[in-house]
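The values are calculated or read from the model by the stated rules, or taken from the named source; none is laboratory data. Because the structure is a prediction, the values reported are computed rather than measured. All Cβ positions, even for glycine, are placed from backbone atoms using ideal geometry, and neighbour counts span all protein chains on display.
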């Protein structure tokens, strides 16, 4: 045992160096560690800064006759959106002008990408009638409100399975780039003159002659157009469209969208 | 008493557990971001109320026996503008000749007053001259010439000739628009 102790313990000089070595080692480790932290912190803030300026801000604007009507653009943080909400057909008639049945009015509807990422868009259009109190009139055919679809042979495709007498849903088949506007979905609006044929006439003999009075049965009804434009990201688009819009869409290698 | 070895295993286990919790938290925080998509929507609506005012018309006929001529005008006493057309019927022993400013024939037996007739305004006069069809006609006998006119609202057409006269009225007999004068 004594022999063992004599050979294994370090010399006094070595014992004196050991704490120094350990101190140096600890200092190196501490410095290295601190440097690593500093680097990590720097990297972290750098990434955060990069992410802030590149954050995808999706946005969409409904356009009528070349003018934006309603907009909803993400501002990039805190679920804050820039929105405007306008009215369709507001400028269809001049001051003092009355709606003329059978007359064809300009009604060019399109969509602009007002965000900063590419997107796919669709438009849902509703047409219906209401009475003076705003109650929907289901006995009047929405087809009497003739919104003329255009560019439906390729640029826009309708989800026919979702069509009702009131509603039509069209999907834009191309990626809509930032600041780009779709080709028009509609170009004109005509309220059928057939409404004026639904009349009641009375005849009254007077000294002046026979007075014929024609009363229109649909006097006072209101036609309404509603349009909703939806946008979804192009990244992982098929899943995004299914999740957001509840439909199955296929994205081609060229980015083209097709339903089903 | 726990051996140092045992205490080390416990520390390692604690460390691994803490790491697992951290990973789970990080992963959990990432899941919502991964399953959410960038979407937005916007909408607008608009419409107009139809103001289909009454159309009231009064025919005015005057028969000039000296010239065997009927003078016909139609007055719109309603609130809405309309188009007017007129035709007359007589026995085969009489021939009818039409004339009048603003009136024109369309080849269907009707004479159309081209301009829209605004509320409170009358058409120009349509003169219908009645002549014996032949020398054998007994002009001293009674005869009857009936004038029929129709009106339609101004809906999209710019002249009466372009108006939709042939479309059937769809509310039954009460909307039949012929009126014998």
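Some notes on this structure:
- Between A:250, A:256, A:243, the distinction of being at pLDDT 85 or above, closer than 30 Å to residue B:40 by Cα and at the interface with another protein chain (Cβ under 7 Å from one of its Cβ atoms) belongs to A:243 only.
- Residues within the range B:62-78 that are within 13 Å of chain A (Cβ to nearest Cβ) and surrounded by fewer than 15 Cβ atoms within 10 Å (Cβ to Cβ), tallied: 1
- When B:84, B:42 are screened for being at pLDDT 85 or above, under 21 Å from residue B:163 (Cα atoms) and not in a loop (DSSP other than H, G, I, E, B), only B:84 passes.
- When we screen A:188, A:173 for residues that are surrounded by fewer than 17 Cβ atoms within 10 Å (Cβ to Cβ), touching a residue at least 12 places away in the same chain (Cβ under 8 Å) and closer than 29 Å to residue B:40 by Cβ, the only hit is A:188.
- Reported count of residues in the range A:53-110, each being more than 11 Å from every other protein chain (Cβ to nearest Cβ), within 28 Å of residue B:52 (Cβ to Cβ) and in contact (Cβ under 8 Å) with a residue 40 or more places away in the chain, is 3.
- Condition check for residue A:230: over 30 Å from residue B:163 (Cα atoms), within 14 Å of chain B (Cβ to nearest Cβ) and buried (at least 21 other Cβ atoms within 10 Å of the Cβ): yes
- Matching entry among B:138, B:166 (being in contact with a strand residue (DSSP E or B) (Cβ under 9 Å, 6 or more places away or on another chain), modelled with pLDDT under 70 and in a loop (DSSP other than H, G, I, E, B)): B:138
- Hits in the range A:201-227 (condition: crowded, with 16+ Cβ neighbours inside 10 Å and assigned to a loop (DSSP other than H, G, I, E, B)): A:217, A:218, A:219, A:221
- Here residue B:133 meets the list (1) at pLDDT below 85; (2) more than 10 Å from chain A (Cβ to nearest Cβ); (3) surrounded by 16 or more Cβ atoms within 10 Å (Cβ to Cβ) almost entirely, failing just condition (3).
- Some residue of the range A:87-103 being surrounded by 18 or more Cβ atoms within 10 Å (Cβ to Cβ) and touching a helix residue (DSSP H, G or I) at 6+ places or on another chain (Cβ under 8 Å): yes
- Verdict on residue A:119 being in contact with a strand residue (DSSP E or B) (Cβ under 7 Å, 6 or more places away or on another chain), facing chain B (nearest Cβ under 10 Å) and surrounded by fewer than 18 Cβ atoms within 10 Å (Cβ to Cβ): no
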